[in-house]
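Working notes, beginning with the structure itself.
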Amino acid sequence: MRTHQMKRLLIVTGALAALAVVPAARAQTTQQVPLPGTAIPQFVDPLPIPAIVDGTGPLTLTMCEFESKVLPTGTFAPGAVPRTWTWGYIVGTECPTSTRDTYLGPIIVARRAVPTEVTYVNSLGSAATTNVLAYKNSVDQTLHWADPLNKEENDCAEEAMMNPGMPPEGECAQNYSDTIPAVVHLHGGDVPPQLDGGPDAWFTSDGNYQGHGYYTRPGSEILGGNTAVYRYSNQQEPATIWFHDHTLGATRLNVYAGLAGGYVITDPDDATIPANLPAITPLIVQDRSFDKSGQLYFHAGVPFIPNPDHPYWVPEFTGDAIAVNGKVWPFFNVEPKRYRFVFVNGSNARTYEMFLTNQVTKVQGPAMWQISTDGGAKWEAAKLQEPVLRFAHARFHFDWRWNGEEVLLQSRCTDDRGETQPVLADLVQARGLLSGYHFNAIQRWKVTRDGSVLNALG
């Protein structure tokens with residue numbers, strides 16, 4: 001406490017401040033006027049498909065800032081294509097100089113037991129000059145966050161904790177305005193801790209700062225401080241997962257700006273996966289809001305903040321426009337055949353209920369069948385039934401005929417943070433038998449040979 005007070009004293013005494021601590025960086029807020037979601041036309045432009053790349057060899061993904069065609073044609077003028085500044089992962093080392101159809105991607109297709117080595121390069125520049133206003137106007141330095149310039153000391157966060165209910169003053173009341181930190185997390189990946197892309201593993205675009213959890217493959221340090229090389233072993237079962245930014249205190253903003261892509265682990269030798277499945281059609285669903293200039297708009301500051309301690313932080317975000325694969329309200333021309341959609345909810349807090357509706361009769365149908373979840377290609381299909389509610393039990397039809405053998409029935413869920421419900425053995429291994437946590441392991445039911453159904457722990 002005494003050390004913190006001394007730092008604050010030296011900052012306000014003028015000449016001595018430069019000898020004490022680097023002050024939080026200040027950014028000038030650019031005012032935005034929100035565009036009502038009802039003003040955005042629907043089903044005008046076709047669904048874009050993110051680039052699909054081979055993950056069986058080495059890859060370089062560069063985090064870049066560029067313009068994308070996010071809003072539909074005609075949003076502001078007939079026939080005119082709006083351009084929105086976004087961030088994204090670009091294959092290769094060069095950032096785009098022209099407008100792209102989507103900011104999302106790529107979708108990396110890896111093969112089980114064949115490593116994928118990815119070189120991640122941070123070329124996002126500075127918060128002072130970024131055109132992504134949703135980032136520039138929303139970084140809150142009173143959160144416990146990366147705080148690159150101050151060696152993660154988070155003086156502004158400590159100030160907020162010491163003065164609850166009080167608005168911050170000076171630099172702490174401003175947005176951050178310097179080199180941008182970023183790090184990549186493979187969401188759903190079975191990886192060792194150093195490859196997890198943890199919140200403290202960030203590295204800045206100028207290469208001068210890294211979090212205390214920063215990692216790059218030994219021998220790759222020569223590439224520079226704005227680079228991290230991760231080598232994924234891909235030993236887990238086939239899965240459809242994704243990767244996104246994971247920077248401490250700024251994940252919500254970096255992902256909102258566009259830093260997200262898909263990661264598919266395949267296994268041609270797995271006989272349990274049907275051989276006649278249609279090709280995958282990815283559907284990455286995100287909610288967004290925009291200003292009247294067509295730029296991304298994030299709900300930060302007054303009147304959105306829940307308390308004055310944090311001038312730009314909100315606990316969750318819900319936008320008034322839905323983007324699929326980086327395009328707001330697209331259409332997708334289909335043929336009379338079976339499709340295999342892979343849904344990824346890349347939103348900050350919004351949940352979705354997926355169904356088909358006949359646009360003429362308004363009758364729902366045909367039914368949609370869930371054939372696997374986030375990491376499970378070996379879970380049986382279940383027909384979802386209405387209603388599907390958040391934080392509530394969901395009814396489903398399980399198309400299964402008992403053959404008289406002893407069997408275990410089980411289901412699992414994935415929460416809003418993307419954490420999958422564990423089996424009891426994994427829960428006990430992680431928490432022990434005397435854990436104070438509530439019991440949330442997968443519930444199993446045993447069907448015995450005489451037809452009895454028993455609660456089966458384990």
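The values are calculated or read from the model by the stated rules, or taken from the named source; none is laboratory data. Owing to the predicted nature of the structure, the values given are computational and were not obtained by experimental measurement. All Cβ positions, even for glycine, are placed from backbone atoms using ideal geometry, and neighbour counts span all protein chains on display.
Within segment 74-94, residues that are within 22 Å of His185 (Cβ to Cβ) reach partners that are part of a strand (DSSP E or B) and acidic (Asp, Glu) with beta carbons closer than 7 Å, at six or more positions or on different chains, in the pairs Trp87/Glu65.
Within segment 224-243, which residues are surrounded by fewer than 17 Cβ atoms within 10 Å (Cβ to Cβ) and more than 21 Å from Gly188 (Cβ to Cβ)? Full working, then the answer.
Going residue by residue through segment 224-243, those that are surrounded by fewer than 17 Cβ atoms within 10 Å (Cβ to Cβ) are 224, 231, 233, 235, 237.
Gly224, the sole residue that qualifies.
In segment 276-301, how many are outside any strand (DSSP E or B), closer than 19 Å to Glu316 by Cβ and in contact (Cβ under 8 Å) with a residue 24 or more places away in the chain?
Narrowing segment 276-301 to residues outside any strand (DSSP E or B): 276-279, 289, 292-295, 297-301.
When the remaining residues are screened for being closer than 19 Å to Glu316 by Cβ, the result is 289, 297-301.
Next, only the ones that are in contact (Cβ under 8 Å) with a residue 24 or more places away in the chain stay: 289, 297-298, 300-301.
Total satisfying the criteria: 5.
When you scan segment 246-257, do you find a residue that is at pLDDT 95 or above and farther than 22 Å from Gly319 by Cβ, even just one? Checking segment 246-257: at least one residue is at pLDDT 95 or above and farther than 22 Å from Gly319 by Cβ. Checking the stated criteria, Ser289 turns out to be within 17 Å of the chain's Cα centre (by Cα) and closer than 18 Å to Trp85 by Cβ.
For segment 319-356, which residues satisfy the criterion of being in a strand (DSSP E or B) and either among the charged types (D, E, K, R) or without any contact (Cβ under 8 Å) to a residue 12 or more places away in the chain (or both)? Walk me through how you get there before you give the answer.
Filtering segment 319-356 for residues in a strand (DSSP E or B) gives 321-324, 327-328, 331, 340-345.
The answer is Lys327, Arg340.
Within segment 113-131, restricting attention to residues that are in a loop (DSSP other than H, G, I, E, B) and among the small types (Gly, Ala, Ser), the residue that is farthest from Thr266 (Cα to Cα) is Ala128.
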